[in-house]
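Okay, structure first, notes after.
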Amino acid sequence: MLYLLGFDLLTGVFTLVPLALLDRRPGVTLRGMLRNWGLVFLGNFGGALTVALLMAIVFTYGFSTDVSEVGQAIGHIGEGRTVGYSEFGAAGMLTLFVRGVLCNWMVSTGVVGAMMSDSLPGKVIAMWMPIMLFFYMGFEHSVVNMFLFPIGLMLGADFTIGDYLIWNEIPTVLGNLVGGLTFVGFMIYATHAKTAPARKLREKVRTKVSA
């Protein structure tokens, strides 16, 4: 939905923006790429946190009643995916990171797939399969977790902000970055951008410069 509306998703820009830097597009710099990532992260986090607060209000009638069964279930998910990983130590951290890698392999495939079609149904169909796989297989998506864990904390789940950051968000962000960039971005660039004929736009620019 974000991409259909023309908005940016952190896991999507992890994959797409570095390709412009690799291809040496005019005006694209390392600093600009990092700035893009930072702004999209803050925007996604702010949006997810806002939704988490609004839903916490709904589940508790403005924090005036006990947490509903749905709210308790959300809190338990947060516990299992933070302290649940920490129980296994380094093996848990590795598992978390790999789940982040696999997640953005799927999500970024959906983002790129949406570019294959100019029609709304075509975009939706191209995105549906990889996104469904990511959810069904329980992979870790940093932006989803920006909602899931803060709302768990608001609803009294048994984990801390430190647990959330160390045993989920930070490793998940890194895994999402590696997965999207390695398995989608670099692969597409190597097989299509580097092997494709020179773009006409470039040829026109070169002609003007030489003239």
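The values are calculated or read from the model by the stated rules, or taken from the named source; none is laboratory data. Fair warning: this is a prediction, and the values are worked out from it, not measured in the lab. Note: ideal-geometry Cβ built from the backbone for every residue, glycine included; neighbour counts use all protein chains shown.
Brief remarks follow.
- Residue in the stretch 179-188 that is in contact with a Lys or Arg (Cβ under 8 Å, 6 or more places away or on another chain) and in contact (Cβ under 8 Å) with a residue 24 or more places away in the chain present: no
- Being buried (at least 21 other Cβ atoms within 10 Å of the Cβ), out of contact with any Ser or Thr (no Cβ under 9 Å at 6 or more places or on another chain) and within 27 Å of residue 67 (Cβ to Cβ) is a property that holds for residue 151.
- Within the stretch 150-176, being touching a Leu at 6+ places or on another chain (Cβ under 9 Å) and in a helix (DSSP H, G or I) holds for 150, 151, 154, 161, 164, 167, 168, 171, 172, 173, 175, 176.
- Condition met for residue 211 (at pLDDT 75 or above and over 30 Å from residue 149 (Cα atoms)): no
- When residue 14 is tested against (1) surrounded by fewer than 18 Cβ atoms within 10 Å (Cβ to Cβ); (2) at pLDDT 95 or above; (3) among the aromatic types (Phe, Trp, Tyr), exactly one condition is not met: (1).
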